[in-house]
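Here is the structure we will look at, set down as structure tokens.
The values are calculated or read from the model by the stated rules, or taken from the named source; none is laboratory data. This structure is a prediction, so every number in the text was calculated from the model and none was measured. We place every Cβ from the backbone using ideal geometry, glycine too, and count neighbours over all the protein chains shown.
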Amino acid sequence: MKLNLICRVLCLVAMFVLCGPVHAFDPFEVKDIRVEGAQRIEVGTIFNYLSVKVGDEITDDIARDSVRILFSTGFFNDVQLKREGDVLIVVVSERPSIASIEYLGNKDIRDEEIEEVLHSVGFVAGKVFSQPMFDKLLKTLRERYFSRGRYSATIDSTVTPLDASRVRIRLQIDEGRVARIKKLRIVGNNKFTDRELLKLLELREDSWLGFLSSKRNYSIDKLNASLEALKSFYLDRGYINFDIDSHDVAISQNKQDIFVTISITEGEPYTFGKVELDDTQGYITKEDFDAVRPHSGAPFSRRQVLLARSTLESILADVGFAFGIVNAMPEIDRERNLVDFIFAVDPGPKVYVRQVNVRGNQATRDEVIRREMRQVEGALYSAKDIRRSRERIQRLGYFDEVKIDTPAVPGTIDQVDINVTVQERSTGNFMFGVGYAGADGVLLQAEVNRENLFGSGRELKFKVEQSSVEQVYEVAYTNPYFTKEGVSLGYFVDYKNVDTAKTTSADYESISSVFGVRTKIPVSEYNSLNLSVGYEQLDLEGTTTTPTEFSSFITDHPNSQNLILSGGITKDTRDSIFFPQKGYLRRALFAFTGPGSDLEYYKVTLRGRWYRPLGNNLTMNIRGVAGYGDGYGDLDKLPFFRNYYAGGAGTVRGYGPRSLGPRPSDSSGDALGGSKRINATTELYFPVPGLDDSKDKRLSFFVDAGQVYGSSQSVDLAELRYAAGITFHWFTAIGPMSLSYAMPFNDESTDNINKLQFTLGAMFR
């Protein structure tokens with residue numbers, strides 16, 4: 001009772017303080033109203049909030065109500081009402097407004113994040129200064145730093161009064177050092193060792209090598225991620241009763257060291273019992289279910305259950321059930337440590353696409369994007385077609401980013417819209433570049449390339465390349481949709497001057513001019529046929545160091561005119577052009593000169609690339625090349641200038657560029673190339689340590705094998721050269737770069753060894 005009385009008294013006192021003094025006066029008719037003390041707030045605004053107007057009778061109750069309302073605006077520190085005769089005087093003391101907010105010393109928290117905090121608490125320039133709001137701002141900023149492990153962070157604030165009832169805010173931030181993990185313990189584990197569990201965590205104890213890893217720095221997010229990693233580890237190994245009993249975090253007195261203790265209960269391991277499918281409507285086949293179902297007797301794994309559920313829902317989405325749900329319902333047998341599962345299918349309604357919306361494109365026409373869509377308006381929803389649509393749009397090369405959202409149409413349960421949002425990149429204009437490759441030395445390049453001409457998707461290219469080996473001039477025009485079915489048509493003119501004197505292959509010079517037409521015909525969603533027809537004028541010239549094997553051919557065929565037909569069949573299911581994670585690329589390529597050409601020959605090349613994710617951002621790539629060429633008609637072998645070569649980047653790293661294969665009989669030492677080629681590579685791609693989220697950098701371990709064989713030689717696998725090493729890949733802003741170090745396995749004394757190899761293709765816009 002006494003407590004309630006005290007509370008009431010305090011409330012009355014607070015109301016009195018809040019409302020400020022109101023001079024008691026007898027009721028009177030207000031003949032005029034005068035405002036005093038207003039600087040920033042318009043007098044008219046104050047009049048609007050008053051409960052009395054000129055001509056009204058004012059009483060004490062009305063006066064108190066007016067004061068209360070004016071206070072409630074938050075504009076004033078004090079409000080008083082006075083009377084002079086029949087004039088009501090409103091005396092106000094304004095709260096200052098925030099003129100500016102300055103913050104200094106922040107590095108870990110970016111300016112954008114601080115601005116976000118300012119807006120979230122409503123403390124921004126132009127607003128009325130409020131001490132409680134200011135205190136809330138400082139508290140929120142400190143909490144942001146604490147969540148990053150910066151417990152010693154301090155914020156010194158200064159509020160400077162200005163004229164016109166304004167203040168300037170200055171925040172001087174000292175972020176301090178991130179607190180480091182001094183001791184990290186897990187207690188309660190018997191089935192797995194401390195070492196096994198600790199390596200799962202996003203946290204690490206500080207050590208003399210700790211500066212190499214950010215895991216020694218404490219943060220709440222890292223702690224939560226560590227706890228989830230522990231939970232996932234046990235649940236994926238059958239410990240369904242696993243529990244984290246507590247996680248104690250203690251901080252040293254100097255706020256620099258953190259002591260973390262995680263207490264767990266492991267429980268007993270469980271295995272899968274009966275696993276059944278409940279799909280009365282039969283949308284999921286037995287074969288599809290058997291491919292993903294957990295097998296009876298296998299250790300229970302939450303990951304496997306979630307993967308099976310996700311895969312089954314994807315199957316539903318591919319056939320129109322965009323909102324289909326698969327519930328994985330467990331039944332636990334604690335006596336036998338078994339978990340039975342029923343995957344119950346709830347497909348929901350079939351969903352249709354109402355419309356496709358294209359956004360973000362400025363230069364690119366809508367039709368260029370829409371013609372790549374495999375999900376069309378009015379058709380049944382297909383998650384597979386939507387994924388493929390995004391891949392195709394991304395492959396155009398016109399956009400830095402492509403996003404596709406599928407919001408439900410308001411008021412419906414069976415319709416969605418497809419929103420395609422793109423972020424355009426520069427697709428042409430003048431480019432100048434410089435690069436380096438071990439085979440060609442320094443490469444200079446100038447190019448005028450308009451990949452998306454007038455936003456139509458057509459390409460116009462003028463290109464000049466200059467290196468120590470080649471001089472190339474090219475003009476090309478391509479219409480990728482010459483027909484609405486996606487048949488492309490292009491025209492090209494090429495000039496190439498090749499001088500191999502500065503390479504590790506045999507010396508010769510050639511000048512060729514080619515003009516022709518090319519097309520690409522889509523055979524299916526992932527298959528295409530490429531064809532090209534060109535007329536070639538070719539001039540060959542030997543040097544004083546040209547080997548006999550070449551000079552005799554040059555003497556017989558110094559000049560030639562040839563009809564070149566080339567093309568290939570390609571199947572490409574890769575999920576990306578750069579650093580694919582899954583899918584494959586298969587190509588069967590051919591090139592031959594037509595009957596009646598001065599030089600009659602042919603080449604057939606088979607290429608394959610296969611990608612598979614291995615988890616933890618690891619990707620396995622296996623690729624191989626096999627090629628064969630020969631002459632026909634009057635030619636008994638493949639012309640030397642069309643030979644295959646091996647060695648160097650792209651073939652067998654660790655050996656000199658184009659240095660493998662047959663040697664000349666005069667022992668000049670330079671490789672001749674060959675009419676047959678075999679090359680194979682196994683490569684494991686993984687993120688650069690410390691740059692796990694990087695999309696443009698990778699490291700890889702590789703094993704290369706390859707060789708070329710002359711026309712008189714049989715393919716002998718014993719002659720293959722092998723090398724293994726590591727490569728750093730980087731898609732820089734100026735072009736792709738690679739730096740590899742390879743160690744040959746079985747090199748011979750005559751081989752040209754080049755362990756360190758560097759390539760750079762650089763473009764400057």
Select from the stretch 248-271 the residues that are under 23 Å from Glu228 (Cβ atoms) and assigned to a strand (DSSP E or B) and list them in ascending order.
Asp248, Val249, Ala250, Ile251, Ile258, Phe259, Val260, Thr261, Ile262, Ser263, Ile264, Thr265
Residue hits (the stretch 44-53; touching a strand residue (DSSP E or B) at 6+ places or on another chain (Cβ under 9 Å) and surrounded by 14 or more Cβ atoms within 10 Å (Cβ to Cβ)) are Ile46, Phe47, Leu50, Ser51, Val52
For the stretch 465-486, what are the residues that are modelled with pLDDT under 80 and β-branched (Val, Ile, Thr)?
Val469
Exception for Asp156 within (1) at pLDDT 90 or above; (2) exposed (fewer than 14 other Cβ atoms within 10 Å of the Cβ); (3) assigned by TED's automatic domain parsing to the domain that holds Phe259 falls at (3)
Against the condition surrounded by fewer than 18 Cβ atoms within 10 Å (Cβ to Cβ), among the small types (Gly, Ala, Ser), under 30 Å from Ser157 (Cβ atoms) and free of Cβ contacts under 8 Å to residues at least 24 places away in the same chain, how does Ser120 come out, does it pass?
yes
So which of Ser700, Ser694, Ser665, Ser659 ends up being among the small types (Gly, Ala, Ser) and modelled with pLDDT of 90 or more?
Ser700
Listed by first then second residue, the pairs whose first member lies in the stretch 140-152 and is touching a residue at least 60 places away in the same chain (Cβ under 8 Å) and assigned to a helix (DSSP H, G or I), whose partner is surrounded by 15 or more Cβ atoms within 10 Å (Cβ to Cβ) and of a type in the set (Gly, Ala, Ser), with beta carbons under 7 Å and at least 6 positions apart or on separate chains, are Ser147/Ser219
Assigned to a strand (DSSP E or B) and either modelled with pLDDT of 90 or more or in the same structural domain as His295 (by TED's automatic domain parsing) (or both) - does that describe any residue in the stretch 381-401?
no
Looking at (1) modelled with pLDDT under 85; (2) assigned by TED's automatic domain parsing to the domain that holds Pro161, which is the one condition that is false for Asn77?
(2)
List the number of the failed condition for Glu112; all other conditions in (1) touching a Ser or Thr at 6+ places or on another chain (Cβ under 7 Å); (2) loosely packed, with under 12 Cβ neighbours inside 10 Å hold.
(1)
Tell me which of these Lys274 doesn't satisfy, since it passes every other one: (1) touching a Ser or Thr at 6+ places or on another chain (Cβ under 7 Å); (2) under 29 Å from Val353 (Cα atoms).
(2)
What number of residues within the stretch 287-326 are aliphatic (A, V, I, L, M), out of contact with any Pro (no Cβ under 7 Å at 6 or more places or on another chain) and assigned to a helix (DSSP H, G or I)?
7
Any chance Ser552 is touching a helix residue (DSSP H, G or I) at 6+ places or on another chain (Cβ under 9 Å), among the polar types (S, T, N, Q) and either surrounded by fewer than 16 Cβ atoms within 10 Å (Cβ to Cβ) or within 30 Å of Asn617 (Cα to Cα) (or both)
no
Enumeration of residues in the stretch 258-292 that are β-branched (Val, Ile, Thr), closer than 21 Å to Met329 by Cβ and buried (at least 16 other Cβ atoms within 10 Å of the Cβ):
Thr271, Val275, Ile284, Val292
In the stretch 576-613, the residues that are part of a strand (DSSP E or B) and within 26 Å of the chain's Cα centre (by Cα)
Gly583, Tyr584, Leu585, Arg586, Gly608, Arg609, Trp610, Tyr611, Arg612, Pro613
Failed criterion for Phe430 (all others in (1) exposed (fewer than 13 other Cβ atoms within 10 Å of the Cβ); (2) modelled with pLDDT of 85 or more hold):
(2)
Are there any pairs, at least 6 apart or on different chains, whose C-beta atoms fall under 6 Å, with the first in the stretch 216-229 and within 11 Å of Leu201 (Cα to Cα) and assigned by TED's automatic domain parsing to the domain that holds Leu184 and the second β-branched (Val, Ile, Thr) and surrounded by fewer than 19 Cβ atoms within 10 Å (Cβ to Cβ), and if so, which?
Leu227/Ile244
Counting just the residues of the stretch 524-560 that are within 24 Å of Glu485 (Cα to Cα) and of a type in the set (S, T, N, Q), which one comes out modelled with the lowest pLDDT?
Ser524
When you look at Gly85, is it more than 18 Å from Phe47 (Cα to Cα), over 37 Å from the mean Cα position of the chain (by Cα), assigned by TED's automatic domain parsing to the domain that holds Val30 and loosely packed, with under 12 Cβ neighbours inside 10 Å, yes or no?
yes
All but one of (1) touching a helix residue (DSSP H, G or I) at 6+ places or on another chain (Cβ under 8 Å); (2) under 30 Å from Thr160 (Cβ atoms); (3) at pLDDT 85 or above hold for Lys53; which doesn't?
(2)
The condition from (1) surrounded by 13 or more Cβ atoms within 10 Å (Cβ to Cβ); (2) among the acidic types (Asp, Glu); (3) under 43 Å from the mean Cα position of the chain (by Cα) that Glu102 misses is numbered (1)
Determine which member of the set Arg642, Arg677 is among the basic types (Lys, Arg) and in contact with a Lys or Arg (Cβ under 8 Å, 6 or more places away or on another chain).
Arg642
Please report, ordered by residue number, the strands (runs of 3 or more DSSP E) entirely within the stretch 614-730 with at least 1 residues that are among the basic types (Lys, Arg), surrounded by 15 or more Cβ atoms within 10 Å (Cβ to Cβ) and within 31 Å of the chain's Cα centre (by Cα).
618-631, 697-709
